[in-house]
Amino acid sequence: MGWACVALRLPSFPALVGQIEAIEMKVEMINRMAHLTPVRTYRSQVASGVAIETEFQILNTLLAEKAAQLAVTENQLFRIFCRWEGVDYDAADVVVTYPQRFELRNRRADLDFFVRAKEVTAKIGSLTLQREIDRQLARVVLERDDVLEVVEGELADGG
């Protein structure tokens, strides 16, 4: 039973309705501060595609930071555990990794789209359009940001 159901059943208690509305407002504020608004899609206001994409990028960045922190913490815990067990941490060869990206993109569909767009672009003959599609294609294919920066630099130089 949601808060709205309780509020509708008890219209004669304005103080209770006000408290429920205050709780809902605080939940929405927490979602906004934690950048969880795109994940919890019950919002009533309309947002543009660019705004939603930006929120997803922020959420992706936050999740990547948390994953990096968790990997460091977990490695430290394994180091402590190995010391407790009397096992050499380096010899145990413990490797903790977390994903670096948490995108909701369908990479296969994006890849197919950009490959088809590249074929059409060859018929148009615009070098700027070809470079932009190559840049977007590199973003879909490459996982590591450092390699992506090198490729984007090459494309910017006209290579």
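The values are calculated or read from the model by the stated rules, or taken from the named source; none is laboratory data. If you're wondering where the values come from, they're calculated on a predicted model, not measured in any experiment. Reconstructed Cβ throughout: ideal geometry from the backbone, glycine too, with neighbour counts over all protein chains shown.
Points to keep in mind about this one:
- Unmet criterion (only one of (1) closer than 30 Å to Ala34 by Cβ; (2) surrounded by 14 or more Cβ atoms within 10 Å (Cβ to Cβ); (3) touching a residue at least 12 places away in the same chain (Cβ under 8 Å)) for Glu143: (2)
- Of everything in the stretch 22-72 that is among the β-branched types (Val, Ile, Thr), at pLDDT 75 or above and under 12 Å from the mean Cα position of the chain (by Cα), the residue that is farthest from Val95 (Cα to Cα) is Thr54.
Yes/no per residue for (1) closer than 20 Å to Thr61 by Cβ; (2) in contact (Cβ under 8 Å) with a residue 12 or more places away in the chain; (3) surrounded by 10 or more Cβ atoms within 10 Å (Cβ to Cβ); (4) not charged (D, E, K, R):
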| residue | (1), (2), (3), (4) |
| --- | --- |
| Ala109 | no, no, yes, yes |
| Asp112 | no, no, yes, no |
| Arg116 | no, no, yes, no |
| Thr121 | no, yes, yes, yes |
| Thr128 | no, no, no, yes |
| Ile133 | no, yes, yes, yes |
| Arg139 | yes, no, yes, no |
| Val150 | no, no, yes, yes |
